[in-house]
Amino acid sequence: MAASEEYILQILEDVGLVARSQIEDARAAAGDKSIVDALIEKAVVTEMQVTKALAAHAGMETISLKDYNIPQEVIDVVPRHIAQRFRVVPVFAHDGTVAIALSDPTNLDLVDNLHYALKCEIEPMVAPKNEIEEALVRYYGKAEETVDRMLNEITEGDIDITVKDQNAANDQLDEADDDAPIIRFVHAMIANAHKLRASDIHIEPFETRLRVRFRIDGVMQEVDNPPKRLQSSIISRIKIMSNMSIAEKRVPQDGRIQLHIGAKDIDLRVSTIPTSHGESIVMRILDKEGLKLGLAELGFFSDDQATFERLIALPDGILLITGPTGSGKTTTLYACLNVINKPDRKIITVEDPVEYQLAGINQVAVNEEIGMTFAAALRAMLRQAPNIIMIGEIRDAETANIAVESSLTGHFVFSTLHTNDAPSAVTRLMDIGVKPFLIASAVRAIMAQRLVRRICPKCKEPYTPLDSEIASLGLTSEDLKTATICRGAGCNDCNKKGFRGRFGIFEIFLIDDVVRKLINDKVPSSVLQQKARELGMRTLRQDGIRKVLAGLTTPQEVITSTIGDA
């Protein structure tokens with residue numbers, strides 16, 4: 001049991017159900033079993049008597065689930081993975097409150113965890129453990145049925161997957177009848193993630209379960225979990241598909257899977273890392289359809305788009321895209337390359353790793369094991385006489401200085417930095433080791449960006465923002481008069497979330513003569529930030545506010561994404 005067994009035994013003794021001598025006799029005979037189970041087996045006390053005693057002590061009602069018929073709409077309130085994880089069964093639901101049958105009322109954390117997981121009020125009721133286990137099987141099915149049920153929920157047409165470039169070991173695995181369900185399960189999981197527009201699949205082993213989560217529109221969402229006993233088979237199948245070593249489980253590995261899903265080509269970038277309970281796997285889904293995005297689809301309003309198009313058409317200099325991990329920097333770089341990829345221009349990229357293959361562009365992958373670092377690749381690239389260079393990320397002084405020198409000798413350089421806002425990128429370059437006068441001469445503009453979720457167009461509805469949201473965004477009564485503030489009600493198209501897809505909010509910092517002088521004077525980033533605002537730079541939050549007023553996203557999305565810009 002979750003609570004201290006001695007505490008439970010003390011309750012049973014206090015209410016007169018058992019004597020101390022009976023407890024000691026059961027303790028001697030218990031062996032590997034709990035003492036309470038030993039008392040029940042010896043018929044000293046019944047399971048229902050234990051249940052009622054614990055419920056009375058906790059001030060909860062008891063319920064017998066044997067003859068209780070729970071409606072399907074109530075069962076649907078608690079997802080299968082939550083019911084099986086916490087070993088609970090919903091009994092009824094009304095006005096935002098769910099009555100939950102549990103077996104151990106002394107486990108105080110359980111109710112709090114359910115309140116957090118279900119996002120509703122919980123009314124705990126107590127039922128015998130064996131009745132809860134029977135109800136879980138009756139209403140949710142056996143754990144062994146999970147794989148078959150998940151496969152049945154996805155039609156064969158949806159699992160129209162072909163793995164490209166399978167090696168011999170992979171082919172042998174496909175031919176083994178015993179492994180066929182695992183192969184179909186992995187294919188179904190990938191197809192389902194792609195269908196739900198997930199960007200990542202996370203497979204995480206824990207002591208008693210194997211958790212599967214999809215990242216959809218930047219938010220992690222747990223899905224039905226396969227049985228723990230299938231952990232090694234699922235991980236081995238994915239490693240074979242990724243051309244990794246299935247014998248090596250002690251060190252991290254990286255791989256790639258190329259698939260046809262229906263009529264689409266999908267790449268998955270796969271990484272493993274050893275954890276306490278097995279190897280954790282993350283598969284990043286790289287959908288090549290995303291490469292066809294234009295600048296407008298990225299989220300630019302017409303004024304910012306015109307500015308950005310002028311910047312990427314410059315003949316030389318550096319354009320930096322900044323933001324934290326997962327803010328869409330790489331997608332923006334690829335969109336830029338699509339716009340400027342013309343037959344009269346030589347474009348070379350150096351990336352770690354190469355995420356998408358682009359027609360007409362020379363792409364170089366970093367491989368530090370053989371000495372192909374960013375800096376080494378850049379030196380070699382310059383001998384190829386490119387017009388445009390894209391560097392996946394500026395990480396050190398050597399790479400930064402070569403990028404600066406390249407821009408000063410007639411090349412246009414795109415790259416990314418990890419900073420919170422655009423002006424901070426100048427300070428970051430100085431910290432790396434680039435001299436201020438070189439930054440002032442080479443950098444043409446810096447753009448910071450974040451991703452916010454787009455309101456689902458199918459269930460968009462008018463929304464009156466809360467006073468706290470109005471205050472956080474600094475909205476005036478005049479703003480609200482002409483605004484079209486909306487939210488998503490939740491529909492089948494957006495999986496009841498109210499959002500479908502993401503787009504960017506941007507902060508474009510133009511480097512002009514006034515800013516160059518400040519950079520040469522080594523002023524702090526706060527001074528650069530203030531001067532940029534005076535010169536007309538729109539901050540991330542200000543751009544987000546424009547998109548809230550246009551009804552594209554919600555106030556809370558912008559507040560959360562620009563918390564450091566308040």
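The values are calculated or read from the model by the stated rules, or taken from the named source; none is laboratory data. This one's a predicted model, so the numbers in the text were calculated from it and none came from an experiment. For neighbour counting, all protein chains shown are included, and Cβ atoms are generated from backbone atoms with ideal geometry for every residue, glycine included. We work out accessible area using only protein heavy atoms, side chains counted, and drop any ligands, DNA or RNA first. Shrake-Rupley method; radii C 1.70, N 1.55, O 1.52, S 1.80 Å.
Scanning segment 12-40 for residues that are open to solvent by 40 Å² or more (accessible area, probe 1.4 Å) and outside any loop (DSSP other than H, G, I, E, B) yields Glu13, Asp14, Arg20, Ser21, Gln22, Glu24, Asp25, Arg27, Ala28, Ala29, Asp37, Ile40. Residues that are within 23 Å of Val77 (Cα to Cα) and assigned to a helix (DSSP H, G or I) were ranked within segment 469-512; the one that is most open to solvent (accessible area, probe 1.4 Å) is Asn492. The lone criterion from (1) among the charged types (D, E, K, R); (2) open to solvent by 40 Å² or more (accessible area, probe 1.4 Å); (3) touching a Leu at 6+ places or on another chain (Cβ under 8 Å) left unmet by Arg237 is number (2). For segment 67-77, check the following and say yes or no: at least one residue is without any contact (Cβ under 8 Å) to a residue 40 or more places away in the chain, of a type in the set (S, T, N, Q) and part of a loop (DSSP other than H, G, I, E, B). Within segment 67-77, one or more residues are without any contact (Cβ under 8 Å) to a residue 40 or more places away in the chain, of a type in the set (S, T, N, Q) and part of a loop (DSSP other than H, G, I, E, B). Taken together, the criteria place Glu279 among residues that are of a type in the set (D, E, K, R) and at pLDDT 90 or above. Per the conditions (1) in contact with a Lys or Arg (Cβ under 7 Å, 6 or more places away or on another chain); (2) open to solvent by less than 40 Å² (accessible area, probe 1.4 Å); (3) closer than 30 Å to Lys342 by Cα; (4) outside any strand (DSSP E or B), the sole criterion not satisfied by Thr419 is (3). Taking the listed residues Glu248, Glu279, the one that is among the acidic types (Asp, Glu), in contact (Cβ under 8 Å) with a residue 12 or more places away in the chain and more than 30 Å from Ile388 (Cα to Cα) is Glu279, with no other qualifying.
Yes/no per residue for (1) farther than 26 Å from Asp431 by Cα; (2) in a loop (DSSP other than H, G, I, E, B); (3) open to solvent by 60 Å² or more (accessible area, probe 1.4 Å):
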position	(1), (2), (3)
Leu337	yes, no, no
Lys342	yes, yes, yes
Val350	no, no, no
Pro353	no, yes, no
Ala377	no, no, no
Met390	no, no, no
Thr399	no, no, no
Val404	no, no, no
Ser407	no, no, no
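Specify the residue that is nearest to the chain's Cα centre (by Cα); the eligible residues are those in segment 19-42 that are over 20 Å from Ser103 (Cβ atoms) and among the small types (Gly, Ala, Ser). Looking at residues that are over 20 Å from Ser103 (Cβ atoms) and among the small types (Gly, Ala, Ser), I get Gly31. Report yes if Asp467 is acidic (Asp, Glu), out of contact with any Asp or Glu (no Cβ under 8 Å at 6 or more places or on another chain) and closer than 15 Å to Ile545 by Cβ, otherwise no. So Asp467 fails the test. Of the candidates Arg256, Arg310, Arg284, the single residue that is at pLDDT below 90 and open to solvent by 10 Å² or more (accessible area, probe 1.4 Å) is Arg256.
When restricted to residues that are crowded, with 17+ Cβ neighbours inside 10 Å and in contact (Cβ under 8 Å) with a residue 40 or more places away in the chain, segment 379-388 contains 2. For Ala43, the criteria (1) open to solvent by 70 Å² or more (accessible area, probe 1.4 Å); (2) within 19 Å of Thr62 (Cβ to Cβ) hold in every case but one, which is (2). Summed over segment 195-232, the residues that are under 23 Å from Leu451 (Cβ atoms) and open to solvent by less than 40 Å² (accessible area, probe 1.4 Å) give a count of 11.
For segment 437-464, filtering for residues that are open to solvent by 20 Å² or more (accessible area, probe 1.4 Å) and more than 21 Å from Thr332 (Cα to Cα) leaves 10.
Going by the conditions given, is Leu528 in contact with a Phe, Trp or Tyr (Cβ under 9 Å, 6 or more places away or on another chain), of a type in the set (A, V, I, L, M) and assigned to a loop (DSSP other than H, G, I, E, B)? Answer is no for this residue.
Checking each residue in segment 423-438 for being of a type in the set (Val, Ile, Thr), part of a loop (DSSP other than H, G, I, E, B) and under 34 Å from the mean Cα position of the chain (by Cα) picks out no residue at all. The set of residues in segment 41-66 being in contact with a strand residue (DSSP E or B) (Cβ under 6 Å, 6 or more places away or on another chain) and outside any loop (DSSP other than H, G, I, E, B) consists of Thr51, Lys52, Ala55, Glu61, Thr62. Entry remark, segment 474-495: residues being at pLDDT below 90 and farther than 26 Å from Gln221 by Cα number 11 in total.
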